[in-house]
1. Residues being in a helix (DSSP H, G or I), away from ligand 2 (no atom under 16 Å from the Cβ) and not charged (D, E, K, R): count how many of those fall in segment 325-353.
2. Taking ASP174, is it assigned to a loop (DSSP other than H, G, I, E, B), charged (D, E, K, R), within 16 Å of ligand 2 (Cβ to nearest atom) and modelled with pLDDT of 95 or more?
3. So ILE115 fits all but one of (1) within 13 Å of ligand 1 (Cβ to nearest atom); (2) farther than 22 Å from TYR343 by Cβ; (3) out of contact with any Leu (no Cβ under 6 Å at 6 or more places or on another chain); (4) among the β-branched types (Val, Ile, Thr); what number is the exception?
4. Identify the residue in segment 249-301 that is of a type in the set (Ser, Thr, Tyr) and within 21 Å of the chain's Cα centre (by Cα) and, among all such residues, is nearest to LEU151 (Cα to Cα).
5. Please find, among ARG268, ARG306, the residue that is away from ligand 2 (no atom under 16 Å from the Cβ) and in contact with a helix residue (DSSP H, G or I) (Cβ under 6 Å, 6 or more places away or on another chain).
6. Which pairs have Cβ atoms under 9 Å, sit 6 or more apart or on different chains, and link a residue in segment 298-323 that is among the basic types (Lys, Arg) to one that is in a loop (DSSP other than H, G, I, E, B) and within 16 Å of ligand 2 (Cβ to nearest atom)?
7. If ALA351 meets every condition in (1) within 14 Å of ligand 1 (Cβ to nearest atom); (2) over 21 Å from ALA148 (Cβ atoms); (3) surrounded by fewer than 22 Cβ atoms within 10 Å (Cβ to Cβ); (4) small (Gly, Ala, Ser) apart from one, which number is that one?
8. Only one of these conditions is not met by HIS114: (1) closer than 25 Å to CYS10 by Cα; (2) away from ligand 2 (no atom under 16 Å from the Cβ); (3) in contact with a Cys (Cβ under 9 Å, 6 or more places away or on another chain). Which number is it?
Amino acid sequence: MNILSFESSCDETSAAVLCAAQEEIRILSNVVASQIETHRLYGGVVPEIASRAHSEAISPITYEALERAGVTMADIDLIAVTSHPGLIGALLVAVNFAKSLAERYGIPLVAVDHIKGHVAANYLKTDEGHLLPKPPFLALAVSGGHTAFYLADSYTSMKVVGTTRDDAIGESFDKIGRLIGIPYPAGAGFDALATEGFSLAAGKERPSFKEYKKSAAYKDPEMVLPSPALSDGSGDLSFSGLKTAAMNLLHHYEQTGKELPRALFAARYTYEAVEAVAKTADRLMTQYSPTAFLVAGGVAANSHLRRRLAEIADRHGCRMWIPPLSLCGDNAAMIGAQGYYEYLAGHLADATLNASALDD
Ligand code: KG4
Ligand code: ZN
């Protein structure tokens, strides 16, 4: 079946066309209009501006998605749209657009949870060697607003088994990144700066975390930062302590007039953030012995996190799925993939569908 899907929960407007069959979901087109340049001016997403930009973009990108896929509305069998969580005014743009199209053309409609959508990026056939992951699996969503582990017993039901108690990992990279002069969103810039810092500290390209920990830079008493991993066995994390300690460290450098070694700082911050997620993944794999581990969300693009999680999964004999970089951030193809399974499970929406800012 052909699926037309939409995403407008934050600062990307996206429309995609997929061709889905039992063992294979292929992307025919995936158009993403990013508003990053607009929001960069303010150092973060301005909700009102985001909603207006979605309203302007949604029609043209839908035409573009259909055209690039080589289909018309007559070829579409299902419409899928992100209904929650996210910025309410932003979500409403695609929700209303999708509802109107579904009514106009008499096409079934499904509502998709944004986080399940991120995980579903792993269902998309991105290369010939790609295998469709099968439930049950352990999933990790790391994004601007989420840092959570889930146990999924089907494609449509996921139970939280660990989550951040405060800030999300992506938000923490963005906020601390901004303080050291990396433009919004800071994730990719932070990643690159940390890569430099790890090499500088260990005296070699891409050292392992073990090698980095042996370096003098890691032992520098002025660079100490706390781990966001909680030791209460809950699988939960807390990034607010790391963020506050990092801000104090930056103030200390400012007040003493010393120049901040930015790359070494970015490396240390990344080490703590990534290692906490990795340690928690390790603990949950020991507890639940999953055979499949699906990683997703904007922060899944982080090169250090990708490498560290692969090591952990490997040690547990657990197969890991992680999307290519182009499908880690917000996009409509992942929403269509999740929409397919919502449809198969009989979860249809109708004209009463509303958006919600909140998690499931
Ligand atoms: O999933 P996403 O596109 O939007 C939300 O649903 O939140 O995630 C955006 C987040 C931002 O915080 C951005 O800084 C972060 O993903 N990000 C990264 C990297 N690329 C994007 N964080 C760390 N390392 C990266 N390479
Ligand atoms: Zn997202």
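The values are calculated or read from the model by the stated rules, or taken from the named source; none is laboratory data. Just so it is clear, the structure is predicted and the values come from calculations on it, not from any experiment. Virtual Cβ from ideal backbone geometry, glycine too; neighbours counted across all protein chains shown.
1. We begin by selecting, within segment 325-353, every residue in a helix (DSSP H, G or I); these are 325-327, 332-344.
Next cut, away from ligand 2 (no atom under 16 Å from the Cβ) only: 340-344.
From what's left, not charged (D, E, K, R): 340-341, 343-344.
Here the count works out to 4.
2. Values: assigned to a loop (DSSP other than H, G, I, E, B): no; charged (D, E, K, R): yes; within 16 Å of ligand 2 (Cβ to nearest atom): yes; modelled with pLDDT of 95 or more: yes.
Answer is no for this residue.
3. With respect to (1) within 13 Å of ligand 1 (Cβ to nearest atom); (2) farther than 22 Å from TYR343 by Cβ; (3) out of contact with any Leu (no Cβ under 6 Å at 6 or more places or on another chain); (4) among the β-branched types (Val, Ile, Thr), ILE115 is out only on (2).
4. THR280
5. Details: ARG306 fails: in contact with a helix residue (DSSP H, G or I) (Cβ under 6 Å, 6 or more places away or on another chain).
Result: ARG268 is the single residue among ARG268, ARG306 that is away from ligand 2 (no atom under 16 Å from the Cβ) and in contact with a helix residue (DSSP H, G or I) (Cβ under 6 Å, 6 or more places away or on another chain).
6. Sorted first by the residue in segment 298-323, then by its partner, the pairs are ARG306/ILE322.
7. With (1) within 14 Å of ligand 1 (Cβ to nearest atom); (2) over 21 Å from ALA148 (Cβ atoms); (3) surrounded by fewer than 22 Cβ atoms within 10 Å (Cβ to Cβ); (4) small (Gly, Ala, Ser) applied to ALA351, the lone miss is (1).
8. (2)
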